[in-house]
Every structure is written in structure tokens, then in C-alpha cells.
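Heads up, the thing below is written out as C-alpha cells.
The values are calculated or read from the model by the stated rules, or taken from the named source; none is laboratory data. Everything numeric in this text was worked out from a predicted model, so none of it was measured. Ideal geometry is used to build each Cβ from the backbone, glycine not excepted, and the neighbour counts take in all protein chains shown.
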Ligand SMILES: Cc1ncc(COP(=O)(O)O)c(C=O)c1O
């Protein structure tokens, strides 16, 4: 009996084992926090939600109306895998009007959330064993996308000294012969911090000089408020740097369309045909009603609603950051955007995971433990999301204060 037969005999009648890569894919711990919070609420307890990573605002009316028209008109067939041509043109137009950057609609790929854009980008770049640099802490799905393709995520530890972001120095330090890409999110989840344009430029040219690629996740663009001492809060896109970057974006956050599952990517032209093939095979097309609804996303009326909500997010940040500092959380730099505060809690606990669950049980405040975003000093950090009204945030802060006093 050869080795293959022996293995088959050994496994006969047993449930098929999982693919090995699954041992590297972790759940979002925040979902556990949310499930526990919902269970407490079902028992009648009140919970202040500061764990949820999506805007609490409903999708703006003009977008919903455009979506309803699509349903009424029966425009519900597959679209081209790259997206509706008119939506690709609208996204390109938005880069012109908002950023003053000209982008060809041909380079725009409409995707099923930016999640699909990230997966497609990795799909065309990552060979088995190839390395992709990601920030730690960072959005957890990124390293799992790399794993799904049998690549190796390289966690680049980032902290207060680098504004909780990858820097050109860190990128150069961690870049190896096997590296094919580095991914940065600006503003970042979980830290809300922004990468300077000059840093993006240096990172992009370092990667491209080595045949690699910088992927810039701009999903929190539009939600930038400025940091300490900053007066100019114009957001600049990595597309200013030229064609040799992948830029990822989404209708989820600034546009308040999480559940519609719609995002996009701007890719170097030479990749577009390959991305088209991959999108056809993976999901055929992004949801048609969502694409038609999103046609209203760039209307002046919609943008006015969204910019008003951005100002509300800024007011929440301006309340929350000093309030948390007063409680003993350390936030060395004011986060410039997104809707998160990544706070060091080591003066209050040595185990942020236990702290988060204890806070939920004892005080009825839901937050996300640092472990969700990587392993670098994760036990010393928690993430607060200000996706809740100022009044609820104030209630949350006073509950935390009482909990800490006890
Ligand atoms: C940094 C970052 N990128 C990408 C995503 C994926 O979002 P979506 O697929 O809804 O566009 C998220 C979601 O929270 C995120 O925080």
C-alpha cells in the first residue's frame, strides 16, 4: 500500500478535514461582542454601542429613491463584471470634482463592496508564498485575503511613533525579495490616522522600483476632520501619484451604503482585463440595484447630506477623544478621520480582551478589543467607534467612568 492509499484508508468514513489555510482565518471578535450585546439587550439590559464599524446614518434618500426606481423598472439583470459604464464614468467624474484628479473611467472597477476589490487586487498580484505587507494593527480581513491565496501576510507593527501607520522606513525594513505588495489604509481602521501624501509617494516608488505595488485603501475618504494643529483637511488621493498604485474605495462608509455591498477600485490600466476575468468568475457582477442607486451618490443634493453627516462625526470625535483621555485612556495623537479612536488602555487593564467583555457585562458599554486588528500590543488597546449619537456617547463615557471608579 502506498502512502496515498494509506492516508485514504485512514480517512475513509471520516468527515473531510478542512483545508489547512482555514487554521489561519480568524473570526471578527467584534461580532462576538455584538452578539453578546444583543443577547443582553434581549434580556432587557441597555447597551451603548461603540463597537459597530458602520455609520449609524441611513442611506441618503436620493440614493434609496434611485434604488427603488431600479426595482420598479426591473433593471435587475447582471451588469458587466467591471460595473455599469455610467457608474464607472460617475466615479471618474467624482475624482475630477472632489480631488481635481483626472482618471480614465476605463481604470475603474465596480466591485461588491471594497471587500471584493481587495480580494481581486490580491488575486492578480499574489502568487503562493508571495508576501504582502500589512499594518498591525490594521483591518483584519486583509491578512486573510492574502492567506486565501496562499500568500504570506507580513505584519508591520505600527504605533504612536509612526502615527499608527506604515511609513517608508518601515516598508523598506520589512520588504523582502518575496514581497509583491504593501497595503495601507488611510484613514485607517482601527486607528483613524492618515498617511501623509509624501509618505505614500515614497512607498509607491520604493515598491514599484522592486516590481511591487502599493495598494491604498481609501474607504474612509470623505470622513477626514484634521488632526492636532492641522488646518488644511483636504483629502488627497493616492491617484495623484500616477498609474502605478491600486486605489480601493467603497460606497459603505462616507456614502452610508454598507448593506448595498458596493465598492470600487482604480487599477493600473494593464490589470483591468485581468480584473475583469477574475470578477466574472468570482461574482459575475456587483449588485445591479445597488449600482443604479449609487448613480445618485454623487449628486450635489446627496453630497450635501453626506458632508453634514461628516461634520456630525467630527463633533462626536471632538467630544469623545478628550473625554476618553480624561478617563485614563492614552490617545497620543488625535485621530484625523474615519469614526474610530484606537486607545491605549494599559493604565486601566493589562488585558484589553477581558476588559472589553467585562465592560460590556458590568457597565453595558460595547467596544472592540485590540486583538481584532492584529497582535502588536493588542492587549494594550481597544477601539471605540463613534457611530452613535453624542448623547449616547456621553452616556457611554459616564458608564465607563462609574465602572472604572468601582
Ligand atoms: C479599512 C477597511 N477596508 C475595507 C473594508 C470593507 O468594507 P466594504 O466591503 O463594506 O466596502 C472595511 C470595513 O470595515 C474597512 O474598515
Report task. Scan the helices (runs of 4 or more DSSP H) fully inside the stretch 299-406 and keep the ones with 2 or more residues being within 16 Å of the ligand (Cβ to nearest atom) and under 23 Å from the mean Cα position of the chain (by Cα). Result -> 300-327
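Quick check, is residue 288 in contact (Cβ under 8 Å) with a residue 24 or more places away in the chain and surrounded by fewer than 20 Cβ atoms within 10 Å (Cβ to Cβ)?
So residue 288 passes the test.
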Report summary line: Every listed condition ((1) under 28 Å from residue 189 (Cβ atoms); (2) away from the ligand (no atom under 16 Å from the Cβ); (3) modelled with pLDDT under 95; (4) outside any helix (DSSP H, G or I)) holds for residue 35 save (4)
Report summary line: Exactly one of 198, 181 is free of Cβ contacts under 8 Å to residues at least 24 places away in the same chain and either more than 19 Å from residue 131 (Cα to Cα) or within 16 Å of the ligand (Cβ to nearest atom) (or both), and that one is 198
Requested in this report: Would you mention how many residues in the stretch 259-269 are assigned to a helix (DSSP H, G or I) and within 18 Å of residue 240 (Cα to Cα)?
Outcome: 1
Report summary line: Filter the stretch 142-162 for residues that are in a strand (DSSP E or B) and either more than 17 Å from residue 189 (Cβ to Cβ) or within 13 Å of the chain's Cα centre (by Cα) (or both); the one that is farthest from the ligand (Cβ to nearest atom) is 152
Query raised in the report: Is it the case that some residue within the stretch 136-146 is surrounded by fewer than 20 Cβ atoms within 10 Å (Cβ to Cβ), modelled with pLDDT of 95 or more and under 21 Å from residue 210 (Cα atoms)?
Result: no
**Report entry** Residue under evaluation residue 173, criteria (1) part of a loop (DSSP other than H, G, I, E, B); (2) surrounded by fewer than 17 Cβ atoms within 10 Å (Cβ to Cβ), criterion not met
**Finding:** (1)
Query raised in the report: What pairs can you find where one residue is in the stretch 312-328 and under 10 Å from residue 401 (Cα atoms), the other is exposed (fewer than 15 other Cβ atoms within 10 Å of the Cβ), and their Cβ atoms are less than 6 Å apart, with a gap of 6+ or different chains?
Result: 328/347
Report summary line: Checked the stretch 247-258 for anything assigned to a loop (DSSP other than H, G, I, E, B) and within 8 Å of the ligand (Cβ to nearest atom); matches are 251, 252, 253
Report summary line: Filtering the stretch 38-83 for residues that are within 16 Å of the ligand (Cβ to nearest atom) and free of Cβ contacts under 8 Å to residues at least 24 places away in the same chain leaves a count of 0
Report task. Would you tally the residues in the stretch 98-136 being more than 15 Å from the ligand (Cβ to nearest atom) and in a helix (DSSP H, G or I)? Result -> 8
Report summary line: Of the listed residues (139, 95), the one being more than 16 Å from residue 285 (Cα to Cα) and in a loop (DSSP other than H, G, I, E, B) is 139
Query raised in the report: If you go through the stretch 264-302 one residue at a time, how many are touching a helix residue (DSSP H, G or I) at 6+ places or on another chain (Cβ under 9 Å) and under 26 Å from residue 74 (Cβ atoms)?
Result: 21
Report task. Show the residue pairs that are 6+ apart or on different chains and have beta-carbon atoms under 6 Å apart, the first residue being within the stretch 102-121 and within 18 Å of residue 186 (Cα to Cα) and without any contact (Cβ under 8 Å) to a residue 12 or more places away in the chain, the second being in a helix (DSSP H, G or I) and more than 12 Å from the ligand (Cβ to nearest atom). Result -> none
Query raised in the report: Within the stretch 237-244, is even one residue in a loop (DSSP other than H, G, I, E, B), within 13 Å of the ligand (Cβ to nearest atom) and within 20 Å of the chain's Cα centre (by Cα)?
Result: no
